[in-house]
Amino acid sequence: MQNKGKYYLTTAIAYTSGKPHIGNNYEVVLADSICRFKRKEGYDVYFQTGTDEHGQKIELKAQEAGVTPKEFVDKVAGTIRELCDLLNISYDKFIRTTDEDHEKQVQKIFKRLYDQGDIYKGAYEGLYCTPCESFWTESQLVDGKCPDCGREVKPAKEEAYFFRMSKYADRLIRHINEHPEFIQPVSRKNEMMNNFLLPGLQDLCVSRTSFRWGIPVDFDDKHVVYVWLDALSNYITGIGYNAEGESSEQYKKLWPADLHLIGKDIIRFHTIYWPIFLMALGEPLPKQIFGHPWLLMGGGKMSKSKGNVVYADDLAAFFGVDAVRYYVLHEMPYDNDGNATWELIAERTNSDLANTLGNLVNRTISMSNKYFGGVVADKGAQLTPEDSVVDEDLKKTVTGAYAKVAEKMETYRVADALTEIFGIFKRCNKYIDETEPWVLAKDEAKADRLSTVLYNLVEGIVIGASLLEPFMPETAQKIAGQLNTSLRDFDRLQEFGLYESGNKVTDVPEILFARLDMKEVLAKEEEIATAQMAAVQAEEGASGNGDGNENKNDSSVADGVIDIEAKSEITYEDFAAMQFQVGEIIACEAVPKSKKLLCSQVKIGSQVKQIVSGIKAYYSPEEMVGKKVMVLVNLKPAKLAGVLSEGMLLCAEDAEGNLALMVPEKKMPAGAEIC
């Protein structure tokens, strides 16, 4: 494999305020699949991830836990790293912002920027949001609340150092305009330009005196370096950057990063603050910043209060690591949020992994053992013109897959790349139906043709497994082991016939993915959700927040206002394709063995639709009957917990996940169109 040069990938570093959920872990799985793919293409890859460990929030959480901040972050950082290892993340460095070499370089960076006039000392008087660790002006608030999280802000005044952001704003705007690939997807770039850069940047507070858990400003010990200058610098300090000069050879080799992978919720800090810091240091900017969407659970954000937070270790223990990796990669759209439920993961496992892939490998090995004692030999036999046609079509599909997959991966369309790979396995299954090996086996004169068919299947599976390795590494290796061969480098995937003729497959094929019983899946989900809710209630009780007043300062109160992430614009035609009508609930019952679901019979005009909704925590079946509700009626039917749902009830959701049905303001007949 020809060396194609270096490839440096960085991710957002996980904040050590608590255990990350599967939506957080999605980012490192995505990064890992990209890095593994690049390695197989011949790149010298360096992959850095890690943890962000300073700040007021950490200091407060440590106090609540009765431990020092360092003890607190040591424990959480250990958990985060364990989850990375569990998910088979092939990082080259796991950096912690409490690492001594990182802290020393942050102090040097701060001093250099101060000495050159980019940082100056002043006083900050403004409105502070503790969860976001951000100061805001009155004009930036949304109905008096933090514009990022919707929570309450409090007046604060303190001496602080500031970074002159406006000094570099025009230069950053020019860079973005001259490098259209710099921020992807395009919707993220437009958001940053229109909402932040073009209106004008204010100077940024880069130190604090109101807490101590941070890197000290070494020439002014009242101050600690504020989180953004600290955390964002890890991408260069981790590879040997030295603000005083003499950066390491590794830094000179790797920087700038080829891809900086982050979640869409923190894109402002990484596409505005971080590039400007680099400009001030005289360092090149990352080649590309990709803001990936969120993985939602059941269509909503994960929240402990909703009982829908899902952790990677729970999923991996039940479904297996590679099944979890496959689901989060395959079901995440390029630009829009993805959705996960235990049921959806199980359905995808059964259809794609157990049936399309696992059954194919098992059948092929079993037939090779049954008919030829496990020996796979290419006899080159084609008995009819149709044999030639189906063989060539199989070979064309298999050898043409790499180019298609590589094209998708070039723009990080990982879900589409996986679809192309599974196209190989689907074509192999179709090939079995076309050639009917069990029929060929009945005629001794067709033995060579049967051998050729099985050889072609094995060769197709090997090429497919080699492409699959970056996404499902353990599964790909298991397939290669059962076929008694090695996975191939990508420069050998456009050749068909490299499997050694006469090789012998394993005697007893291993079941790669067993089919899952949906009742067992839902029972496990219910068990974990119940335990999670009990833990939340115990935590609330221990902290004295169970008195009914826990939301008095929260954005979820009735008269509060919430800002949500804007979705991509749609056309009128997109909207017109959706049919909304008023429905009347004439019957409702709880879905058996489900803690969340209600099944409603909804009268819409002269017809009745059955609709399953996750609102059991907010409405009893008795409350539902007789309500006039707003319904999306032309949603494709789907099964939830084994029950068919033929539409969707529209609800509003506050910041804490509390739901309220949307109802007509005035009396309307069932079936009235909502337009």
Problem set entry | For Phe219: the one exception among (1) under 26 Å from the mean Cα position of the chain (by Cα); (2) modelled with pLDDT of 95 or more | (1)
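Grab the helices (runs of 4 or more DSSP H) fully contained in region 6-123, keeping just those with 2 or more residues being buried (at least 23 other Cβ atoms within 10 Å of the Cβ).
Values: elements: 22-41, 56-65, 69-86, 100-115.
Because the criterion is at least 2 residues that are buried (at least 23 other Cβ atoms within 10 Å of the Cβ), the helices (runs of 4 or more DSSP H) in region 6-123 that meet it are 22-41, 69-86, 100-115.
Looking only at region 177-207, how many residues end up being hydrophobic (A, V, I, L, M, F, W, C), touching a strand residue (DSSP E or B) at 6+ places or on another chain (Cβ under 8 Å) and not in a loop (DSSP other than H, G, I, E, B)? Give the steps one after another, and end with the answer.
Within region 177-207, the first condition is being hydrophobic (A, V, I, L, M, F, W, C), and the residues that meet it are 182-183, 186, 192-193, 196-198, 201, 204-206.
When the remaining residues are screened for being touching a strand residue (DSSP E or B) at 6+ places or on another chain (Cβ under 8 Å), the result is 182-183, 192, 204-206.
Checking which are not in a loop (DSSP other than H, G, I, E, B) leaves us with 183, 192, 204-205.
Of the residues in region 177-207, 4 are hydrophobic (A, V, I, L, M, F, W, C), touching a strand residue (DSSP E or B) at 6+ places or on another chain (Cβ under 8 Å) and not in a loop (DSSP other than H, G, I, E, B).
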Seminar exercise, completed: Those residues of region 1-35 that are basic (Lys, Arg) and closer than 25 Å to Thr271 by Cα come to a total of 1
Problem set entry | Filter pass, Lys157 being modelled with pLDDT of 80 or more and exposed (fewer than 14 other Cβ atoms within 10 Å of the Cβ) | yes
Seminar exercise, completed: Those residues of region 269-287 which are under 28 Å from His330 (Cα atoms) and either buried (at least 18 other Cβ atoms within 10 Å of the Cβ) or among the hydroxyl-bearing types (Ser, Thr, Tyr) (or both) amount to His270, Thr271, Pro286
Exercise. So Ile239 clears everything in (1) in contact with an Asp or Glu (Cβ under 9 Å, 6 or more places away or on another chain); (2) of a type in the set (Val, Ile, Thr); (3) not in a helix (DSSP H, G or I) except one condition, right? Which one?
Worked result: (1)
Exercise. Which residue pairs have Cβ atoms closer than 9 Å, lie 6 or more positions apart in sequence or on different chains, and pair a first residue in region 160-187 that is more than 21 Å from Leu229 (Cβ to Cβ) with a second residue that is modelled with pLDDT of 95 or more and acidic (Asp, Glu)?
Worked result: none
Exercise. Got a sec? Which of Val361, Val324, Val390 is β-branched (Val, Ile, Thr), modelled with pLDDT of 95 or more and closer than 25 Å to Leu86 by Cα?
Worked result: Val324
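Quick check on region 160-172. Is at least one of its residues touching a Ser or Thr at 6+ places or on another chain (Cβ under 8 Å) and closer than 18 Å to Gly291 by Cα? Spell out the reasoning first.
Initial filter on region 160-172 (touching a Ser or Thr at 6+ places or on another chain (Cβ under 8 Å)): 160-161.
Next cut, closer than 18 Å to Gly291 by Cα only: none.
For region 160-172, residues touching a Ser or Thr at 6+ places or on another chain (Cβ under 8 Å) and closer than 18 Å to Gly291 by Cα: absent.
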For this session: Could you grab the pairs with beta carbons closer than 7 Å, sequence gap of 6+ or different chains, first residue in region 479-500 and touching a residue at least 60 places away in the same chain (Cβ under 8 Å), second one in a helix (DSSP H, G or I) and charged (D, E, K, R)?
Result: Asp489/Lys40; Phe490/Lys40; Phe490/Glu41; Phe496/Lys395; Phe496/Glu459; Gly497/Glu459; Tyr499/Glu459
For this session: Name the strands (runs of 3 or more DSSP E) wholly inside region 587-675 in which the number of residues that are surrounded by 15 or more Cβ atoms within 10 Å (Cβ to Cβ) and modelled with pLDDT of 85 or more is 1 or more.
Result: 598-604, 607-613, 628-632, 643-645, 651-653, 659-661
Exercise. If you take the residues in region 448-459 that are in contact (Cβ under 8 Å) with a residue 60 or more places away in the chain and among the aliphatic types (A, V, I, L, M), which one is farthest from Val361 (Cα to Cα)?
Worked result: Leu450
Problem set entry | Inter-residue pairs, beta-carbon under 6 Å, first farther than 25 Å from Arg492 by Cα and in region 24-47, second among the small types (Gly, Ala, Ser) and not in a loop (DSSP other than H, G, I, E, B), 6+ apart | Asn25/Ala312
Seminar exercise, completed: Among the residues of region 214-231, the number that are of a type in the set (A, V, I, L, M, F, W, C), crowded, with 23+ Cβ neighbours inside 10 Å and assigned to a helix (DSSP H, G or I) is 3
Problem set entry | Residue in region 310-325 that is outside any helix (DSSP H, G or I), farther than 30 Å from Glu436 by Cα, out of contact with any Ser or Thr (no Cβ under 7 Å at 6 or more places or on another chain) and among the β-branched types (Val, Ile, Thr) present | yes
Exercise. When only residues in region 181-213 that are surrounded by 17 or more Cβ atoms within 10 Å (Cβ to Cβ) and basic (Lys, Arg) count, which is nearest to Leu127 (Cα to Cα)?
Worked result: Arg208
Exercise. So which residues in region 120-171 are among the acidic types (Asp, Glu) and out of contact with any Pro (no Cβ under 9 Å at 6 or more places or on another chain)?
Worked result: Glu133, Glu138, Asp143, Glu152, Glu158, Glu159, Asp170
Exercise. Since Leu141 meets every condition but one in (1) modelled with pLDDT of 95 or more; (2) surrounded by fewer than 21 Cβ atoms within 10 Å (Cβ to Cβ); (3) of a type in the set (A, V, I, L, M, F, W, C), which condition does it not meet?
Worked result: (1)
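Restricting region 136-145 to residues that are free of Cβ contacts under 8 Å to residues at least 60 places away in the same chain and either in a loop (DSSP other than H, G, I, E, B) or of a type in the set (A, V, I, L, M, F, W, C) (or both), which is nearest to Tyr124 (Cα to Cα)? Spell out how you get there, then give the answer.
Going through region 136-145, the residues free of Cβ contacts under 8 Å to residues at least 60 places away in the same chain turn out to be 136, 138-141, 144.
Keeping just the survivors that are either in a loop (DSSP other than H, G, I, E, B) or of a type in the set (A, V, I, L, M, F, W, C) (or both) gives 136, 141, 144.
On the way: Trp136: 10, Leu141: 16, Gly144: 19 Å.
If we take residues in region 136-145 being free of Cβ contacts under 8 Å to residues at least 60 places away in the same chain and either in a loop (DSSP other than H, G, I, E, B) or of a type in the set (A, V, I, L, M, F, W, C) (or both), then Trp136 is nearest to Tyr124 (Cα to Cα).
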Seminar exercise, completed: All-but-one check, Gly150 against (1) small (Gly, Ala, Ser); (2) loosely packed, with under 14 Cβ neighbours inside 10 Å; (3) part of a loop (DSSP other than H, G, I, E, B), failing number (2)
Problem set entry | Conditions (1) under 30 Å from Thr341 (Cβ atoms); (2) at pLDDT 95 or above; (3) not β-branched (Val, Ile, Thr); number of the one not met by Lys38 | (1)
Seminar exercise, completed: Taking first residues from region 404-427 that are closer than 12 Å to Ile34 by Cβ and second residues anywhere that are of a type outside the set (Ser, Thr, Tyr) and not in a helix (DSSP H, G or I), the pairs with Cβ under 6 Å that are 6 or more apart or on different chains are Tyr412/Phe290
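The values are calculated or read from the model by the stated rules, or taken from the named source; none is laboratory data. What you see is a predicted model, and the numbers here were worked out from it, not measured in a lab. Cβ sites come from the backbone with ideal geometry, for glycine too, and all protein chains shown count toward neighbours.
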